[in-house]
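Asks: Got a structure for you, written out below as structure tokens; questions coming shortly.
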Amino acid sequence: MSDTLKNVRTVSRILGWVCLIGVVFEICLVPLIWHVDGWIDTSASQMTISIEELRALSGWQKYAVMASMMLPTLVMAYGLWRLRKMFLSFAENHIFQPAPIAHLKAFSVALMTQTLIKPISGALTSVLATITRPEGERVLSIGLSNAEVSTLFLGGLLLVIAWVLGEATRIEDENRSFV
């Protein structure tokens, strides 16, 4: 086995574990923001309403807001899970195989989906959090940053690369059958 393949396998194993940590972090992020003091300070720039207002919510409103905030993180957790499966395939020396290519496609679609859902989720969060306020005090806040646009392009790039790899694998299999 070449040094490059050894490196691919070693780094893929490490990245597989990093993805698993990322999945756990994604799933725990919103509850940590709500329940652990200090976590919100780093996330406040993405919030459409203040943490004090969020913590003041109760009943159905609290859980509806939390669920709307969880949408993009759950999509990304799924994407990271599929990316982990791709890295684990690479670690098992399954490089140009349909399975890791399918995992890369799924990750790229999840990345783009999460990027598109994030501003919608933020708008839904602001509406749900302020819906019980009197007229004139309700809020609908939506935004799209340069980072989200860049992430959307990155997801598109990865999707095209996955398609190209899939086509290359298909052509290689076809050529092998002629010999």
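Asks: Count of lysine pairs in the chain with Cα atoms under 25 Å apart, counting only pairs 8 or more residues apart in sequence or on different chains?
Replies: Values: 6/85; 6/105; 62/118; 85/105; 85/118; 105/118.
Eligible lysine pairs with Cα atoms under 25 Å apart amount to 6.
Asks: How large are Rg and Dmax for the chain when only the alpha carbon atoms are used, in Å?
Replies: Rg, Dmax (Cα atoms, Å): 20.6, 75.
Asks: By average Cβ neighbour count within 10 Å, what is the ranking of 60-67, 76-83, 113-120 from highest down?
Replies: 76-83, 113-120, 60-67
Asks: Within the accessible area of the stretch 53-179, what % is carbon and sulfur when the probe is 1.4 Å and the other protein chains stay in place?
Replies: Numbers: 4920 of 7300 Å².
Looking at the stretch 53-179 in its full context, I get 67 percent from C and S.
The values are calculated or read from the model by the stated rules, or taken from the named source; none is laboratory data. Keep in mind that this is a model prediction, so the values were computed, not measured. Backbone-built Cβ (ideal geometry, glycine too); neighbour counts: all protein chains shown. The protein model used for the area step is the full one, side chains on, heavy atoms only, and it has no ligands, DNA or RNA in it. Shrake-Rupley method; radii C 1.70, N 1.55, O 1.52, S 1.80 Å.
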